[in-house]
Amino acid sequence: MAKPVAAKVAELLAWVHERFLGAHLFYGHGTSNAWDEAVALVLTHAELADTEENLGRELPAPTVAEIKGLAMRRINERLPLPYLLGRCRYMGFEFKVVPGVVVPRSPIGGLLVDGVRPWLQDRPVHILDLCAGTGCLGIIAAHMWPGAKVTLVEIDPLAAGLAQHNVDAHGFSDRVSVIEADVGSWRPESAADLVITNPPYVEQTEMASLPEEYRAEPELGLAAGHDGLRVIEGILAAAQAFVSQQGLLIGEVGASAPALIRCFRGVPFIWPNLPRGGEGVFLLEGGATSSHTARHD
């Protein structure tokens, strides 16, 4: 086996990029192509900013060997890159990621960062993040609305523990709490001004055809029955308990959006433009949850 040698960042980027191009990988966990994936791997592991000056920086042989090893694992094991790195950058913030918890990528993050006016007029005092996973959306909301109290609700113990780690890492342990509970039965003491939910929404047929990288994520965080609505329909049925009359519910259902529209006829969903990409994100104003949020097949 060849002895590891030092290499410049630009050289290592080219090496990783070439191998990713030839491996026919599937992207979608923070990047959309082989070059961006190579950049994410090399610069994240090397703890370097994405600047032109760093292209000429020489990395020591052990770091080069580690990066090449991670690149080959990405190719051979078809794992999402954040699982290999143990972290990801999402909407400008860093979050710890572990296998067994869905990787942050929801387009809801873009809405939170860019602002949700005119639908949410007042600054929220209490925010709920249902099916919180890593806690990323609720934590971003805490950054966007300083002073707001945020509650993260997550059924999976592994994800709930990870969310608590991320809450602490962002310095929000004083106003962001994590509750391990099933959103199908858990109810807050009072309705929130802003409710965010990125629940499992992949329908049965689609689950069977997911790329290997997505199948590496937990089924609990993705699968939602034959039409992808198993979890969101329970949230909508209890919407009055979750969101105040003056509040806003933001939900993601991805490719299951047509099924949601068909099965919840008459519900005045708002489908905002998503300039940062993605699909299937709806808004529902609190005043519209008083009726018609039951399923009608």
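Close contacts from the stretch 179-192, counting a first residue that is under 20 Å from GLN164 (Cα atoms) and a second that is of a type in the set (Ser, Thr, Tyr), with Cβ to Cβ under 9 Å and a gap of 6+ residues or different chains, come to ILE179/THR151; VAL183/THR197; PRO188/THR151. In the set LEU13, LEU48, LEU43, only one residue is more than 28 Å from VAL202 (Cβ to Cβ), in contact with a helix residue (DSSP H, G or I) (Cβ under 8 Å, 6 or more places away or on another chain) and outside any helix (DSSP H, G or I); that residue is LEU48. Within the stretch 212-222, being over 30 Å from GLN246 (Cα atoms), open to solvent by less than 50 Å² (accessible area, probe 1.4 Å) and out of contact with any Lys or Arg (no Cβ under 8 Å at 6 or more places or on another chain) holds for TYR214, GLU217, PRO218, LEU222. The number of residues in the stretch 143-158 being touching a His at 6+ places or on another chain (Cβ under 9 Å) and either surrounded by fewer than 24 Cβ atoms within 10 Å (Cβ to Cβ) or among the aromatic types (Phe, Trp, Tyr) (or both) comes to 4.
The residues on offer are VAL9, VAL64, VAL42, VAL16, and the sole one that is touching a Pro at 6+ places or on another chain (Cβ under 9 Å), open to solvent by less than 20 Å² (accessible area, probe 1.4 Å) and either among the β-branched types (Val, Ile, Thr) or closer than 26 Å to ARG105 by Cβ (or both) is VAL64. Give me a count of the residues in the stretch 249-268 that are part of a helix (DSSP H, G or I) and either out of contact with any Asp or Glu (no Cβ under 9 Å at 6 or more places or on another chain) or not aliphatic (A, V, I, L, M) (or both). Qualifying residue count, the stretch 249-268: 6.
Just one of the listed residues (GLY133, GLY161) is surrounded by fewer than 22 Cβ atoms within 10 Å (Cβ to Cβ) and not acidic (Asp, Glu), and it is GLY161.
Table: residues versus (1) touching a residue at least 12 places away in the same chain (Cβ under 8 Å); (2) in a loop (DSSP other than H, G, I, E, B); (3) in contact with a Cys (Cβ under 9 Å, 6 or more places away or on another chain).
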site	(1), (2), (3)
GLU213	yes, no, no
GLY228	yes, yes, no
GLN240	yes, no, no
ASN273	no, yes, no
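Are any residues in the stretch 29-39 assigned to a loop (DSSP other than H, G, I, E, B) and surrounded by 14 or more Cβ atoms within 10 Å (Cβ to Cβ), and if so, which ones? Answer for the stretch 29-39, where residues must be assigned to a loop (DSSP other than H, G, I, E, B) and surrounded by 14 or more Cβ atoms within 10 Å (Cβ to Cβ): HIS29, GLY30, THR31. HIS170 passes every criterion in (1) surrounded by fewer than 23 Cβ atoms within 10 Å (Cβ to Cβ); (2) under 17 Å from ALA238 (Cα atoms); (3) out of contact with any His (no Cβ under 6 Å at 6 or more places or on another chain) apart from (2).
The values are calculated or read from the model by the stated rules, or taken from the named source; none is laboratory data. Being a predicted model, the structure only gives us computed values, none of them experimental. We place every Cβ from the backbone using ideal geometry, glycine too, and count neighbours over all the protein chains shown. Heads up: the accessible areas ignore ligands, DNA and RNA and are worked out on the full protein's heavy atoms, side chains in. Shrake-Rupley method; radii C 1.70, N 1.55, O 1.52, S 1.80 Å.
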